[in-house]
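A.B. asks: First the structure, then my questions, so here it is.
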Amino acid sequence: MAAGVMKSTTIINLNGTGNKQWTPIVPTVAISINGDGNAEEGQATITDLKFTPDPTKAAAADGGLFGLLEKNLTLKNIVLDGVTINHTNRVGALVAECKGVLTLENIDVKNATLDAKVCAGGVLADGSYSTSSVKMTNVAFDGGSITVDKGSILPFAGGLIGFANDIKLDM
């Protein structure tokens with residue numbers, strides 16, 4: 001599959017109620033998503049993302065819209081509203097763990113409750129790899145809570161990025 005490009009201004013409700021749970025996306029190709037379908041609509045909105053992992057599945061260790069990112073990911077003009085992610089290793093509303101190139105522009109995370117065992121960030125949990133490169137332009141964490149188990153080996157939390165050791169960062 002070739003690199004994907006998606007353009008949308010749709011409000012996407014992930015309906016995270018009851019037993020419906022989100023499975024974080026782990027891309028195998030470079031992806032670009034632009035929520036600015038036309039000037040009148042503005043940003044695309046994704047609502048009601050909920051994730052509590054199944055403890056019997058190792059793949060559910062990280063939580064976010066995207067889990068482990070090893071490829072290039074570009075996200076533009078997106079609002080993520082009403083995120084609840086509980087009790088995973090790494091928690092980031094957009095990306096849990098970045099080992100690739102992450103470019104974010106005009107991103108707003110609102111009304112988020114992020115609770116992690118290891119590290120948590122309002123946008124990105126862990127970008128602590130020499131292969132990580134993160135560029136953020138006009139990115140905000142607009143209210144909510146971020147907590148980390150203080151008994152963890154990496155009890156790091158941040159409004160935008162939870163842990164960013166050895167990362168190329170452009171803000």
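A.B. asks: Fully extended, how many nm does the chain gain between Asn165 and Glu105 (0.36 nm per residue separation, minus their Cα-Cα distance)?
C.D. replies: 19.4 nm
A.B. asks: All other residues with a Cβ under 11 Å from the Cβ of Arg90 taken together, and with Lys, Arg as +1 and Asp, Glu as -1, what is their net charge?
C.D. replies: Once all neighbours under 11 Å are counted, the net charge is -2.
A.B. asks: For the pairs Lys76/Lys117; Lys50/Lys117; Lys110/Lys150; Lys99/Lys168; Lys50/Lys135, note any where the Cα-Cα span goes beyond 21 Å. Before the final figure, lay out the partial values.
C.D. replies: Values: Lys76/Lys117 29 Å; Lys50/Lys117 17 Å; Lys110/Lys150 24 Å; Lys99/Lys168 11 Å; Lys50/Lys135 26 Å.
Exceeds cut-off: Lys76/Lys117; Lys110/Lys150; Lys50/Lys135.
A.B. asks: While we're looking at this one, here's another question. With a 1.4 Å probe and every protein chain left in place, work out the accessible area per residue of the range 80-167 in Å², rounded to a whole number.
C.D. replies: Accessible area per residue, the range 80-167: 38 Å².
A.B. asks: Okay, next question. Based on the mean of other beta carbon atoms within 10 Å per residue, what is the order of 125-138, 144-157, 90-103, 107-120, most packed first?
C.D. replies: Order by mean packing, descending: 90-103, 107-120, 125-138, 144-157.
A.B. asks: Also: Out of every Cα pair in the range 50-156, what percent are spaced more than 15 Å from each other?
C.D. replies: The proportion of pairs with Cα distances above 15 Å equals 58 percent.
The values are calculated or read from the model by the stated rules, or taken from the named source; none is laboratory data. Model, not experiment: these values are computed from the prediction. Ideal geometry is used to build each Cβ from the backbone, glycine not excepted, and the neighbour counts take in all protein chains shown. Only protein heavy atoms, including side chains, enter the accessible area calculation; ligands, DNA and RNA are left aside. Shrake-Rupley method; radii C 1.70, N 1.55, O 1.52, S 1.80 Å.
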